[in-house]
1. Filter the stretch 1-16 for residues that are within 21 Å of ALA85 (Cβ to Cβ), open to solvent by 20 Å² or more (accessible area, probe 1.4 Å), touching a residue at least 40 places away in the same chain (Cβ under 8 Å) and not in a helix (DSSP H, G or I) and give the result.
2. Exactly one of these conditions fails for VAL56: (1) open to solvent by less than 30 Å² (accessible area, probe 1.4 Å); (2) among the β-branched types (Val, Ile, Thr); (3) not in a strand (DSSP E or B). Give me its number.
3. What are the residue pairs meeting all of these: first residue in the stretch 26-46, first residue closer than 14 Å to VAL58 by Cβ, second residue hydroxyl-bearing (Ser, Thr, Tyr) and outside any helix (DSSP H, G or I), Cβ atoms under 6 Å, and 6 or more apart or on different chains?
4. Could you check the stretch 17-55 and list, in sequence order, the residues that are of a type in the set (Ser, Thr, Tyr) and closer than 18 Å to ALA85 by Cβ?
5. Between VAL37, VAL77, VAL92, VAL84, which is in a strand (DSSP E or B) and open to solvent by less than 40 Å² (accessible area, probe 1.4 Å)?
6. Looking at (1) touching a residue at least 40 places away in the same chain (Cβ under 8 Å); (2) open to solvent by less than 70 Å² (accessible area, probe 1.4 Å), which is the one condition that is false for ARG20?
Amino acid sequence: MSVITITKENFEAEVMGSDRPVLLDFWAAWCGPCRMVSPVVDEIAGERTDIKVGKVNVDEQPDLAGEFGVMSIPTLVVMKDGKVAAQTVGAVPKEEILSML
């Protein structure tokens, strides 16, 4: 499965309306730890067909970042049935991301 760019416009359809858990990666281009986590998130998206993976650029989508209370990035959020099921902040190893799912 490929990574979806999540925006305010497609959030409802892609995340809230998803029949699968959604891993959201809140990131920014200038964020060093985000650049470390991004390839891991991409790898998970390629390996797992039972989830959706979306990335939210906090510079382009400040409203979405605000709705999730994102104060530091990278922030990873797992959404299940339209609710936050798990959340972590900072560069975390792949195993920790997988355990959130």
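The values are calculated or read from the model by the stated rules, or taken from the named source; none is laboratory data. Note that the structure is predicted; figures quoted are calculated from it, not measured. Every residue, glycine as well, gets a Cβ built from its backbone with ideal geometry; the counts of neighbours run over all protein chains shown. When the accessible area is computed, the model is the full protein with side chains, heavy atoms only, and any ligands, DNA or RNA have been set aside. Shrake-Rupley method; radii C 1.70, N 1.55, O 1.52, S 1.80 Å.
1. Of the stretch 1-16, the ones within 21 Å of ALA85 (Cβ to Cβ) are 1, 3-4, 6, 10-16.
From what is left, the residues that are open to solvent by 20 Å² or more (accessible area, probe 1.4 Å) are 1, 3-4, 10-14, 16.
Subset that is touching a residue at least 40 places away in the same chain (Cβ under 8 Å): 1, 3-4, 11, 14, 16.
Once the filter is applied, which keeps residues that are within 21 Å of ALA85 (Cβ to Cβ), open to solvent by 20 Å² or more (accessible area, probe 1.4 Å), touching a residue at least 40 places away in the same chain (Cβ under 8 Å) and not in a helix (DSSP H, G or I), the stretch 1-16 yields MET1, VAL3, ILE4.
2. Checking VAL56 against (1) open to solvent by less than 30 Å² (accessible area, probe 1.4 Å); (2) among the β-branched types (Val, Ile, Thr); (3) not in a strand (DSSP E or B), the one that fails is (3).
3. Close Cβ pairs satisfying both conditions: PHE26/THR75.
4. Of the stretch 17-55, the ones of a type in the set (Ser, Thr, Tyr) are 18, 38, 49.
Within the stretch 17-55, SER18 is the sole residue that qualifies.
5. Values: VAL37 fails: in a strand (DSSP E or B); VAL92 fails: in a strand (DSSP E or B); VAL84 fails: open to solvent by less than 40 Å² (accessible area, probe 1.4 Å).
When all the criteria are applied, what remains is VAL77.
6. Every condition holds for ARG20 apart from (1).
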